[in-house]
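Q: Mind looking over this structure? Questions follow.
The values are calculated or read from the model by the stated rules, or taken from the named source; none is laboratory data. Since the structure is predicted, the reported quantities are computational estimates derived from the model, not experimental observations. Glycine gets a Cβ as well: all are built from the backbone with ideal geometry, and neighbour counts include every protein chain shown.
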Amino acid sequence: MKKLINAVDDFVRESLEGVQRAHGDLVDVNYDPFVVFRVDAPVQGKVGVISGGGSGHEPMHGGFVGRGMLDAACPGEVFTSPTPDQMEWATRKVDGGAGVLHIVKNYSGDIMNFEMAADLGRDGGIQVESVVIDDDVAVKDSLYTQGRRGVGGTVLAEKIVGAKAEEGADLAAVAELCRDVNRNVRSMGLALTSCTVPAAGSPTFELGDDEVEIGIGIHGEPGRERIKLEGADQLTDRLARPVIEDLGLNSGDRVLLFVNSMGGTPLAELYVVYRHVAQLLDEGGVQVARHLVGPYITSLEMQGCSVTILRLDDEKTRLWDAPVLTPALRWGV
Amino acid sequence: MFSGAQAVAWVREVASVIEEQAPYLTKLDAAIGDGDHGTNMARGFRAVLQRLDGLEADDFGSVFRAVSMALIGKVGGASGPLYGSFYLGMAKELGDADEVDDTRLAAALRAGYDSVVARGKAQLEDKTMLDAWHPALEALDAALAEGKELGAALDEAARAAEAGMKATIPMVARKGRASYLGERSRDHQDPGATSTHLILEALAKVVNEGSRRTT
């Protein structure tokens, strides 16, 4: 394992210390328990929006804390869900009297820890609503599995829902919008290489030099199949077609196309992928009205990418364009 | 009989075994999960030891509640809430008692198990820790009903947990991260069932060592 770390046990804390020093104008960090929160939290009268998940996916979620997006983020250990005390602390910190929305990715650990935190928050007299994001089409949604994982759609949900909260919408409206985003977004990813969790010290899974894992999860969970390396367009087809099909896109639809790096894939390759998804959408008469390209929900140093498509309407488009001022996304300000 | 002091000894034994077996648990988890079960459990039980060091009372409620809070706060993942719920269930069942008879201990383990079921909402044969807990508690109840000593009954429970753990190998996971693998989760032993076996084996060991010392 070759990484820029000091001691394994200090990794998450030291990374947060860096976030605090770099972005102290936007966010502050609490260290016991770990919470990244807006410097101006709580914003009186505004619905608080928090999320959280394992570390190792940066900039998600801490990089999305700030005006127009999240009020707080709870980083767990690497690839490990955060604990209820973190979410409880964050919930109290950001409650401006209008309640708090928890945006939770669909993993058994995240669900259980957020549920315990929501119980604790409600015991403390705070209105809490939770919305689970499950946009990964690589996983079969059935009674016999945990259901689809929450992946790239989470980034888009946090931006759009955060803008809605910033406008002063109430908790029920903010939560309903979040569910609506989740209904209209799908993703799928692939891995060219594995990644190494610092505490484990060796790669999470083995992948041959000529192999690709299609349908990879953001923690290195295996996906649909393992295949021999192909050209970028063929690989892109394997991601984009199931997404387009599952979303049921029709000619005339407008979408946001998000091509994401798993951490180790350079922007130049992402644009090769973006180009081909855009071609596929063009062929289907679908208009790419907005886009996002870059590393926003990563898996440490893994090489690979994911494709996320969100069906837009006027409100979601307007909220996507609304001002945002966070360490990782900023425009309109 | 089972005492608060034995409860503390049990938890310390679990902490030591988990520390020793952490790489093995992590390896099992890497095959079908996300490769952190051992490190998470070891971190959690280190926090448990710290809490126990600062604990003055040794009634079951205080001990198990401290264990639960440390696990919930430090383990993360699914195992934190699940094992945290287990010990919280035991704490609630036993309250401020500091010594209970064998059937009360069995009932408390059952209450802990029920808390795990309520939190995780898994079913038997989903390839989870329940597949080790359930046969173990059944074996414990049966052995006690036959009039066996607690130590012998817990040995049977630990053996049943081991069999349950091994029975997860051919199962297809339907809960947790391993469920994403579908058929590919076959032929791997569930890490949660494995740590559950270690926890029950530690309990049997502590009770049997205690009874050997007193006799």
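Q: Since A:Lys140 meets every condition but one in (1) within 14 Å of chain B (Cβ to nearest Cβ); (2) outside any loop (DSSP other than H, G, I, E, B), which condition does it not meet?
A: Only one criterion is unmet by A:Lys140, namely (2).
Q: Just to be sure, is A:Leu310 touching a strand residue (DSSP E or B) at 6+ places or on another chain (Cβ under 7 Å), closer than 20 Å to A:Ser261 by Cβ and at pLDDT 95 or above?
A: In short, yes.
Q: Let me ask something else. For residues in region B:39-53 being more than 10 Å from chain A (Cβ to nearest Cβ) and touching a residue at least 40 places away in the same chain (Cβ under 8 Å), which is surrounded by the most Cβ atoms within 10 Å (Cβ to Cβ)?
A: Across region B:39-53, the extreme among qualifying residues is B:Met41.
Q: If I ask for residues that are assigned to a helix (DSSP H, G or I) and closer than 23 Å to A:Arg148 by Cα, which ones from region B:161-190 would you list?
A: So the first thing to find is which residues in region B:161-190 are assigned to a helix (DSSP H, G or I), and the list is B:161-167, B:177-185.
Result: B:Arg177, B:Ala178, B:Ser179, B:Tyr180, B:Leu181, B:Gly182, B:Glu183, B:Arg184, B:Ser185.
Q: Ok, one more. Here are the criteria: (1) in contact with a helix residue (DSSP H, G or I) (Cβ under 6 Å, 6 or more places away or on another chain); (2) under 21 Å from A:Thr154 (Cβ atoms). Tell me which single one A:Ile5 does not satisfy.
A: Unmet for A:Ile5, out of (1) in contact with a helix residue (DSSP H, G or I) (Cβ under 6 Å, 6 or more places away or on another chain); (2) under 21 Å from A:Thr154 (Cβ atoms): (2).
Q: Is it true that some residue in region B:20-37 is over 20 Å from A:Ser194 (Cα atoms), part of a helix (DSSP H, G or I) and away from chain A (no Cβ under 14 Å)?
A: Within region B:20-37, one or more residues are over 20 Å from A:Ser194 (Cα atoms), part of a helix (DSSP H, G or I) and away from chain A (no Cβ under 14 Å).
Q: If A:Ala165 meets every condition in (1) part of a loop (DSSP other than H, G, I, E, B); (2) surrounded by 24 or more Cβ atoms within 10 Å (Cβ to Cβ) apart from one, which number is that one?
A: Looking at each condition in turn, A:Ala165 falls short on (1).
Q: Could I ask something else about it? What strands (runs of 3 or more DSSP E) completely inside region A:1-109 contain at least 2 residues that are within 14 Å of chain B (Cβ to nearest Cβ)? If you could, list the steps in order and put the result at the bottom.
A: Details: elements: A:27-31, A:34-38, A:48-55, A:72-78, A:100-105.
The qualifying strands (runs of 3 or more DSSP E) are A:34-38, A:48-55, A:72-78, A:100-105.
Q: Let me ask another. Exactly one of these conditions fails for B:Asp58: (1) among the acidic types (Asp, Glu); (2) touching a residue at least 60 places away in the same chain (Cβ under 8 Å); (3) away from every other protein chain (no Cβ under 14 Å). Give me its number.
A: (2)
Q: Please work out which residue is surrounded by the fewest Cβ atoms within 10 Å (Cβ to Cβ), limiting yourself to region B:61-73 and to residues that are of a type outside the set (A, V, I, L, M) and within 14 Å of chain A (Cβ to nearest Cβ). Spell out the reasoning first.
A: Going through region B:61-73, the residues of a type outside the set (A, V, I, L, M) turn out to be B:61-62, B:64-65, B:68, B:73.
Filter once more, keeping what is within 14 Å of chain A (Cβ to nearest Cβ): B:68, B:73.
Working: B:Ser68: 26, B:Gly73: 18.
Filtering region B:61-73 for residues that are of a type outside the set (A, V, I, L, M) and within 14 Å of chain A (Cβ to nearest Cβ), the one surrounded by the fewest Cβ atoms within 10 Å (Cβ to Cβ) comes out as B:Gly73.
Q: Moving to a separate point now. In this structure, is B:Leu137 crowded, with 23+ Cβ neighbours inside 10 Å, in a helix (DSSP H, G or I) and touching a Lys or Arg at 6+ places or on another chain (Cβ under 7 Å)?
A: Here the answer is no, as B:Leu137 does not meet what is asked.
Q: Kindly establish whether B:Gly76 is within 30 Å of B:Ala30 (Cα to Cα), crowded, with 19+ Cβ neighbours inside 10 Å, touching a strand residue (DSSP E or B) at 6+ places or on another chain (Cβ under 6 Å) and not hydroxyl-bearing (Ser, Thr, Tyr).
A: yes
Q: A further question follows. Take A:Ala191 and decide whether it is among the small types (Gly, Ala, Ser), in the same structural domain as A:Glu269 (by TED's automatic domain parsing) and in contact (Cβ under 8 Å) with a residue 60 or more places away in the chain.
A: Here the answer is yes, as A:Ala191 does meet what is asked.
Q: Right, here's the next one. Could you please let me know if B:Ala152 is in a helix (DSSP H, G or I) and buried (at least 19 other Cβ atoms within 10 Å of the Cβ)? Steps first, answer last, please.
A: Details: in a helix (DSSP H, G or I): yes; buried (at least 19 other Cβ atoms within 10 Å of the Cβ): no.
The answer is no for B:Ala152.
Q: Something else now. Suppose we keep only residues that are crowded, with 22+ Cβ neighbours inside 10 Å and either farther than 27 Å from A:Lys3 by Cβ or aliphatic (A, V, I, L, M) (or both) within region A:215-237. Which one would you say is farthest from the other protein chains (Cβ to nearest Cβ)?
A: It comes out as A:Thr236.
Q: Here's something else I'd like to know. Pick from A:Gly162, A:Gly168: which is small (Gly, Ala, Ser) and in contact with a strand residue (DSSP E or B) (Cβ under 6 Å, 6 or more places away or on another chain)?
A: Answer to the selection: A:Gly162.
Q: Among A:Glu158, A:Glu176, A:Glu115, which is in contact (Cβ under 8 Å) with a residue 60 or more places away in the chain, assigned to a helix (DSSP H, G or I) and among the acidic types (Asp, Glu)?
A: Going through A:Glu158, A:Glu176, A:Glu115 in turn, the sole match is A:Glu158.
Q: Name the residues in region A:182-197 that are of a type in the set (Lys, Arg) and in a strand (DSSP E or B), would you?
A: Within region A:182-197, the first condition is being of a type in the set (Lys, Arg), and the residues that meet it are A:183, A:186.
Answer for region A:182-197, where residues must be of a type in the set (Lys, Arg) and in a strand (DSSP E or B): just A:Arg186.
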